[in-house]
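S.K.: Got a structure here, written out as structure tokens. Questions coming.
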Amino acid sequence: MMQDLAMHMLEIIMNSIAAGASLIRILFIDSKAKDEIQIELEDNGKGMSEEMVKRVTDPFTTGRTTRKVGLGVSFMKGLTEQCNGVFDVKSQLGVGTTVYVSLQRSHIDLPPLGNLGEMMMAAIQGNADINYQFTYKNDSNEFAFDTIEVRKELGDEVPLNEPQILLWIRDYINEGIQQAKEEQL
Amino acid sequence: MKSLEDLKKMREEALKKVEMREGGKDYRVVVGMATCGIAAGARPVLNKLVEETAEKNYNCVVTQTGCIGMCVYEPIVEVYGKDGEHTTYVYVDPEKATRILEEHVGKGHILEEYTVDAAKKAEAR
Ligand SMILES: Nc1ncnc2c1ncn2[C@@H]1O[C@H](COP(=O)(O)OP(=O)(O)OP(=O)(O)O)[C@@H](O)[C@H]1O
Ligand SMILES: [Mg+2]
């Protein structure tokens with residue numbers, strides 16, 4: 001259903017947007033040495049009660065009124081089960097939520113990484129008032145992107161969801177990741 | 001290589017576009033980006049819409065919405081006109097997205113064959 005990791009992550013990011021976060025941190029670690037992909041998605045949105053956290057991976061848990069199933073989190077959990085991974089959610093009402101995912105990098109069922117730049121573009125397009133901090137790491141390099149830096153250059157009058165700006169962000173992130181990957185070789 | 005410096009140069013032009021927008025765009029193009037939409041391929045559709053709008057300066061803003069309760073028809077793109085009337089396009093892919101901008105937003109022609117009504121009629125047959 002979800003063809004790549006970036007789509008799974010986007011879905012979790014959309015939950016953070018829906019939870020009213022003003023800051024979303026996205027950490028993606030691609031480690032050959034540890035044979036592991038680690039993903040951390042942290043927000044300062046409205047959070048969930050303990051009881052809700054227990055139920056959140058159940059597909060029949062949703063805040064939606066348009067349908068009875070909520071799929072984003074259960075898809076991601078399913079992926080970790082399929083790829084010999086770990087899934088964890090920590091959340092506190094009024095404080096925020098962090099989703100931790102780890103996957104076996106060499107697992108035969110691991111979906112492709114997908115387009116992380118496009119993922120960030122879609123997130124920012126969804127809500128351009130939120131600040132996003134994105135970090136990509138592998139065994140030797142790191143690339144970081146922070147919308148606060150972008151706003152510093154652009155000034156307050158230009159929203160980040162201007163099409164030209166969105167495309168620039170997408171390409172900037174993909175270039176940065178590509179460079180981090182190449183240097184590693 | 002791109003650098004954050006580029007943004008300083010982009011600022012002026014972006015600012016002009018924002019000011020123009022204050023006057024209002026005629027169309028709002030809305031993509032469903034809940035899990036149902038994303039799983040069905042809404043992300044490349046959104047990508048295409050943003051690219052084409054940036055390149056061809058269409059008279060629209062592209063925005064997102066959650067689940068509108070027609071998950072089987074995703075990816076869904078809704079086009080709202082100035083007078084509030086709207087058209088729901090279903091099973092949209094990047095190619096259809098390009099045509100929707102070209103025909104509907106660009107020329108005001110509704111693409112009947114891509115609408116939810118057409119899809120429902122086809123099913124009933
Ligand atoms: N980051 C978060 N902060 C607060 N609540 C959350 C967060 N993530 C998930 N939830 C709660 O858990 C529910 C289930 O999430 P899930 O992504 O599985 O489904 P959904 O978002 O309701 O629907 P879908 O993802 O299928 O479009 C959400 O409706 C929301 O109430
Ligand atoms: Mg969700």
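The values are calculated or read from the model by the stated rules, or taken from the named source; none is laboratory data. Keep in mind it's a predicted model, so treat the numbers as computed, not measured. A quick note on method: Cβ atoms are made from the backbone with ideal geometry, for glycine too, and the neighbour counts reach across all protein chains shown.
S.K.: Confirm whether B:GLU51 is within 23 Å of A:ALA128 (Cβ to Cβ) and among the acidic types (Asp, Glu). First the steps, then the outcome.
M.R.: Numbers: within 23 Å of A:ALA128 (Cβ to Cβ): yes; among the acidic types (Asp, Glu): yes.
Yes, satisfied.
S.K.: Follow-up. Considering each residue of region B:44-85, count those that are among the aromatic types (Phe, Trp, Tyr) and more than 15 Å from B:VAL116 (Cα to Cα), and give that number. It would help to see each step written out before you state the result.
M.R.: Restricting attention to region B:44-85, the residues satisfying the condition of being among the aromatic types (Phe, Trp, Tyr) are B:58, B:73, B:80.
With more than 15 Å from B:VAL116 (Cα to Cα) added as a condition, the list becomes B:58.
The number of residues fulfilling the criteria is 1.
S.K.: Take residues that are away from chain B (no Cβ under 14 Å), under 25 Å from A:PHE145 (Cα atoms) and within 12 Å of ligand 2 (Cβ to nearest atom) and tell me which of the helices (runs of 4 or more DSSP H) falling wholly in region A:1-112 contain 2 or more. Can you show your working first?
M.R.: On the way: elements: A:5-18, A:50-55, A:72-82.
Of the helices (runs of 4 or more DSSP H) lying wholly inside region A:1-112, none has at least 2 residues that are away from chain B (no Cβ under 14 Å), under 25 Å from A:PHE145 (Cα atoms) and within 12 Å of ligand 2 (Cβ to nearest atom).
S.K.: Within region A:171-185, how many residues are over 17 Å from the mean Cα position of the chain (by Cα) and away from chain B (no Cβ under 11 Å)?
M.R.: The qualifying residues number 6.
S.K.: Regarding region A:109-120, can at least one residue be identified that is in contact (Cβ under 8 Å) with a residue 24 or more places away in the chain, touching a helix residue (DSSP H, G or I) at 6+ places or on another chain (Cβ under 7 Å), within 14 Å of ligand 1 (Cβ to nearest atom) and not polar (S, T, N, Q)?
M.R.: no
S.K.: Okay, next question. For region A:148-170, which positions are facing chain B (nearest Cβ under 7 Å) and either exposed (fewer than 15 other Cβ atoms within 10 Å of the Cβ) or among the aromatic types (Phe, Trp, Tyr) (or both)?
M.R.: Within region A:148-170, A:GLU149, A:GLY155, A:GLU157, A:TRP168 qualify.
S.K.: Shifting gears a bit: So for region A:126-133 (the condition being within 12 Å of another protein chain (Cβ to nearest Cβ) and in a helix (DSSP H, G or I)), does at least one residue qualify?
M.R.: Taking region A:126-133 and keeping what is within 12 Å of another protein chain (Cβ to nearest Cβ), we get A:126-128.
Next, only the ones that are in a helix (DSSP H, G or I) stay: A:126.
Within region A:126-133, one or more residues are within 12 Å of another protein chain (Cβ to nearest Cβ) and in a helix (DSSP H, G or I).
S.K.: Please verify whether A:ILE17 is within 12 Å of ligand 1 (Cβ to nearest atom) and at negative phi, treating the condition exactly as stated. Break it down stepwise before answering.
M.R.: On the way: within 12 Å of ligand 1 (Cβ to nearest atom): yes; at negative phi: yes.
Yes.
S.K.: For the subset of region A:60-93 comprising residues that are at pLDDT 85 or above and of a type in the set (D, E, K, R), which member is surrounded by the most Cβ atoms within 10 Å (Cβ to Cβ)?
M.R.: Looking at the filtered set, the residue picked out is A:LYS77.
S.K.: Scanning region A:50-59 for residues that are more than 6 Å from ligand 1 (Cβ to nearest atom) and at pLDDT 85 or above, which turns out nearest to the chain's Cα centre (by Cα)? Step through it out loud before you land on a result.
M.R.: Going through region A:50-59, the residues more than 6 Å from ligand 1 (Cβ to nearest atom) turn out to be A:50-55, A:57-59.
Next, only the ones that are at pLDDT 85 or above stay: A:50-55.
On the way: A:GLU50: 22, A:GLU51: 24, A:MET52: 21, A:VAL53: 18, A:LYS54: 21, A:ARG55: 21 Å.
Filtering region A:50-59 for residues that are more than 6 Å from ligand 1 (Cβ to nearest atom) and at pLDDT 85 or above, the one nearest to the chain's Cα centre (by Cα) comes out as A:VAL53.
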